[in-house]
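Input: a single structure, listed below in structure tokens.
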Amino acid sequence: MNDDADDRPDPDALLAQLHEEDHASKAGRLHIYLGMCPGVGKTFAMLQAARQQQKEGRKVLAGVIETHGRAETAALLEGLERLPLRHSGPSGAGGGEFDLDAALRLKPDLILVDELAHTNAPGSRHAKRYQDVLELLDMGINVLTTLNVQHIESQVDIVQQITGITIQERVPDSILDRAHEIQLIDLGVEKLLERLTAGKIYLGDRADTAARNFFKESNLTALREMALRFTAEQVDRDLEDIRRFKRISSAWKTNSRLLVGIGPSPYAESLIRWTRRAAARLGCPWLVVWVEGSRQLSPADQDRLGASLALARQLGAEVISVTGENVAAALLQLARERNVSQMVVGKPDQRRWWRRSLADHLIDESGDIDVCAVRPLPGPASKKPDGAVTSPEEDTPAVLSYSMALAITFLIVTLGTGLLPYTGYVFIGLTFLLVVTLAGLWLRRGPVLLMAALSALSWNFFFIEPRFTFFIGKLQDMFMFGLFFIVALSMGNLTTRLRQREKAETQRRKLTAALLRVTQSAALSAEPIKGLSEAIRTINEVLHAECCLVTRNEDHVLDSSAHPASTFKPPPKEWGVASWSYQNRKPAGRFTDTLPQSFATWFPLQTSTAIMGVIGIRLADGVGLDFGKRQAIEA
């Protein structure tokens with residue numbers, strides 16, 4: 001039965017595949033020739049491919065080609081239909097620009113658009129050339145284009161750190177996701193420098209300037225590695241899509257990828273650090289996974305788990321949260337979906353013959369995935385930060401739930417005593433079962449289990465002959481009592497778990513919907529100020545809080561004023577807390593271990609390669625920053 005369940009297709013994956021295939025059937029295909037820098041031969045390779053397409057009978061149009069005076073590149077344009085450039089200045093005196101409207105009217109099978117990161121002249125329909133390309137693709141026109149790795153948005157900070165040059169022309173990573181193929185055009189550093197010296201990249205003084213600044217051997221070597229790694233990552237993502245759509249569950253060890261599962265354990269931070277060191281040695285990505293079950297975490301466990309996940313993000317891990325009661329099965333399913341090559345798990349402290357450890361389950365069921373069992377070290381005991389406020393659920397005394405369970409049981413015994421002469425003891429037993437099942441909808445697991453046990457014993461003592469004893473005279477009554485005991489415990493426990501899981505899923509759906517609204521508002525709005533204002537309004541609604549957004553300047557220094565979209569202005573003392581959070585890339589302020597007496601809690605806005613600013617969250621008085629809220633804020 002389990003094998004059949006595992007072989008069932010993933011509905012989300014099938015839906016995504018159908019959506020992608022439907023969109024791909026209507027949109028044009030994008031082919032990007034990627035290189036480490038100018039001069040590696042991207043335009044040359046693109047023109048060669050275009051000439052081959054023309055020989056095969058396709059209508060090819062050279063939309064805009066930058067030859068930079070290279071004779072061998074210009075020679076490849078012979079025989080290709082060229083689109084006249086559009087002059088943008090007054091009376092047509094400005095430089096030539098790509099004529100998007102003319103290209104749409106001609107509607108070729110394939111169009112060449114060189115230098116994807118180019119900034120269009122003022123007055124153009126789109127500010128960037130990549131936006132022209134997106135419109136061509138949406139109209140079903142196939143596009144060949146070129147791009148250097150330093151112009152990709154996610155790589156800009158690294159390039160600036162390496163070369164000291166600020167890259168102004170950038171393209172978002174999302175357009176590379178639209179590409180059907182990214183072809184790396186690679187050239188050795190020594191050969192590239194020879195081409196520069198021979199004047200095949202830049203002419204005259206420009207070549208000398210480039211050799212003294214950008215075209216240094218160290219810069220080019222680093223850029224080449226970036227281009228190779230970026231292309232490999234794209235191919236790896238394509239492989240993941242293929243494995244997911246074809247429902248391939250076994251691991252393909254084409255590249256190393258580590259996964260470590262953690263929980264609210266004092267050993268979690270040690271496991272995270274061990275996995276980070278292993279990933280650094282292998283030079284591979286790594287995942288930190290938290291399997292959320294129906295069991296509610298205590299405040300101490302929430303603090304410990306939150307600190308572990310924060311450490312994982314700080315060390316550069318991809319943090320993933322999944323749901324499931326079977327931790328080993330959930331980890332293995334995710335590992336197969338993400339093509340993980342090695343799973344890291346802590347060795348059990350003690351082996352018990354009656355209970356198998358998580359490591360035992362993973363080793364037995366991992367199949368092609370390697371499992372590394374390590375001996376972690378316990379971390380320091382967690383403590384609540386000063387000023388933390390517990391949530392209402394934490395303040396609710398458990399004795400109240402147990403008292404309710406006792407009171408309900410007593411009420412059913414009292415009512416059953418009056419109804420026994422008219423209904424018989426079997427009806428009373430069914431009533432006990434119904435009440436235990438319903439109690440699981442609003443009581444905790446412990447009180448429900450106590451109520452199930454008391455109901456079984458009360459039914460035996462007060463209603464089964466001989467009454468007022470625990471002795472059962474009839475064999476069939478003995479079987480009924482045993483079944484009643486088992487069913488009551490099972491139904492009470494199951495109902496409680498379903499209620500908790502439904503509550504968690506409802507909260508997760510709300511958070512997912514809120515994240516979607518935030519993303520659409522902030523990223524897709526035509527007016528950035530209005531978009532960010534709408535995004536922050538959504539955050540305020542979800543968290544019942546106020547937000548202050550502070551972004552960095554072009555010189556990577558935190559701005560000295562709050563963003564206009566902010567809903568509160570921090571007092572002067574808060575700027576030191578915000579600055580500390582930005583510089584150290586860690587949360588600071590209220591409900592943290594750093595400056596806990598602050599006015600708000602500050603979180604760094606950190607991508608995988610850079611930090612873009614900080615956001616301050618001011619919760620209402622009496623509202624605490626529990627694990628769920630912290631996860632929502634970080635998401």
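The values are calculated or read from the model by the stated rules, or taken from the named source; none is laboratory data. What you see is a predicted model; the values in this text were computed from it and never measured. No Cβ is skipped: glycine too gets one built from the backbone with ideal geometry, and neighbour counts run over all protein chains shown. Please note that ligands, DNA and RNA were not included when accessible areas were found on the heavy atoms of the full protein model with its side chains. Shrake-Rupley method; radii C 1.70, N 1.55, O 1.52, S 1.80 Å.
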Restricting the range 27-41 to residues that are more than 24 Å from M139 (Cα to Cα) and open to solvent by 20 Å² or more (accessible area, probe 1.4 Å), the residue that is farthest from the chain's Cα centre (by Cα): G41
Criterion (among the aliphatic types (A, V, I, L, M), open to solvent by 70 Å² or more (accessible area, probe 1.4 Å) and farther than 26 Å from L187 by Cα) met by exactly one of L80, L100, L110, L85: L85
Considering residues of the range 55-72 that are small (G, A, S) and within 19 Å of G39 (Cβ to Cβ) only, the residue modelled with the lowest pLDDT: G69
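Could you say whether any residue in the range 449-462 is surrounded by fewer than 12 Cβ atoms within 10 Å (Cβ to Cβ), of a type in the set (A, V, I, L, M) and in a helix (DSSP H, G or I)? Before you say what the answer is, go through the steps one by one.
So in the range 449-462, the residues surrounded by fewer than 12 Cβ atoms within 10 Å (Cβ to Cβ) come out as none.
Scanning the range 449-462, I find no residue that is surrounded by fewer than 12 Cβ atoms within 10 Å (Cβ to Cβ), of a type in the set (A, V, I, L, M) and in a helix (DSSP H, G or I), so the answer is no.
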Residue list for the range 132-170, restricted to those being closer than 30 Å to K26 by Cα, open to solvent by 60 Å² or more (accessible area, probe 1.4 Å) and not hydrophobic (A, V, I, L, M, F, W, C): D138, E153, E169, R170
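Out of the residues in the range 113-125 that are touching a residue at least 40 places away in the same chain (Cβ under 8 Å) and of a type in the set (D, E, K, R), which is farthest from E153 (Cα to Cα)?
Filtering the range 113-125 for residues touching a residue at least 40 places away in the same chain (Cβ under 8 Å) gives 113-119.
Remaining after also requiring of a type in the set (D, E, K, R): 114-115.
Working: D114: 18, E115: 15 Å.
The residue in question is D114.
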Single unsatisfied condition, F599 versus (1) hydrophobic (A, V, I, L, M, F, W, C); (2) in contact with a helix residue (DSSP H, G or I) (Cβ under 7 Å, 6 or more places away or on another chain); (3) surrounded by fewer than 18 Cβ atoms within 10 Å (Cβ to Cβ); (4) over 17 Å from R630 (Cα atoms): (4)
Among the candidates G79, G41, residue that is touching a residue at least 12 places away in the same chain (Cβ under 8 Å) and out of contact with any helix residue (DSSP H, G or I) (no Cβ under 8 Å at 6 or more places or on another chain): G41
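With the structure loaded, tell me whether V577 is open to solvent by less than 60 Å² (accessible area, probe 1.4 Å), assigned to a strand (DSSP E or B), under 23 Å from T594 (Cα atoms) and not aromatic (F, W, Y) or whether it fails that test.
Against the criterion (open to solvent by less than 60 Å² (accessible area, probe 1.4 Å), assigned to a strand (DSSP E or B), under 23 Å from T594 (Cα atoms) and not aromatic (F, W, Y)), V577 does not qualify.
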Qualifying residue in the range 98-114 (condition: assigned to a loop (DSSP other than H, G, I, E, B) and over 16 Å from E81 (Cα atoms)): no
Some residue of the range 592-599 being more than 30 Å from F230 (Cβ to Cβ), at pLDDT below 75 and either out of contact with any His (no Cβ under 7 Å at 6 or more places or on another chain) or of a type in the set (A, V, I, L, M) (or both): yes
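Does K128 fit the bill of being on the phi > 0 side of the Ramachandran plot and touching a residue at least 12 places away in the same chain (Cβ under 8 Å)?
Working: on the phi > 0 side of the Ramachandran plot: no; touching a residue at least 12 places away in the same chain (Cβ under 8 Å): yes.
Against the criterion (on the phi > 0 side of the Ramachandran plot and touching a residue at least 12 places away in the same chain (Cβ under 8 Å)), K128 does not qualify.
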Within the range 267-372, strands (runs of 3 or more DSSP E) holding 1 or more residues that are more than 22 Å from the chain's Cα centre (by Cα): 342-346
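If only one of R509, R517 is open to solvent by 80 Å² or more (accessible area, probe 1.4 Å), at pLDDT below 70 and on the phi < 0 side of the Ramachandran plot, which one is it?
Working: R509 fails: at pLDDT below 70.
Being open to solvent by 80 Å² or more (accessible area, probe 1.4 Å), at pLDDT below 70 and on the phi < 0 side of the Ramachandran plot holds for just one of R509, R517, which is R517.
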Residues being modelled with pLDDT under 70 and open to solvent by 60 Å² or more (accessible area, probe 1.4 Å) - total across the range 520-544: 8
Filter result for G140 (over 28 Å from L223 (Cβ atoms), outside any helix (DSSP H, G or I) and touching a residue at least 60 places away in the same chain (Cβ under 8 Å)): yes
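Kindly evaluate V189 against the criterion of being at pLDDT 80 or above and farther than 25 Å from Q155 by Cα. Spell out the reasoning first.
Values: at pLDDT 80 or above: yes; farther than 25 Å from Q155 by Cα: no.
Here the answer is no, as V189 does not meet what is asked.
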The range 563-580, residues that are of a type in the set (G, A, S) and at pLDDT 85 or above: G576, A578, S579
Residues (modelled with pLDDT of 85 or more and open to solvent by less than 20 Å² (accessible area, probe 1.4 Å)) located in the range 264-285: A268, L271, I272, T275, A278, A279
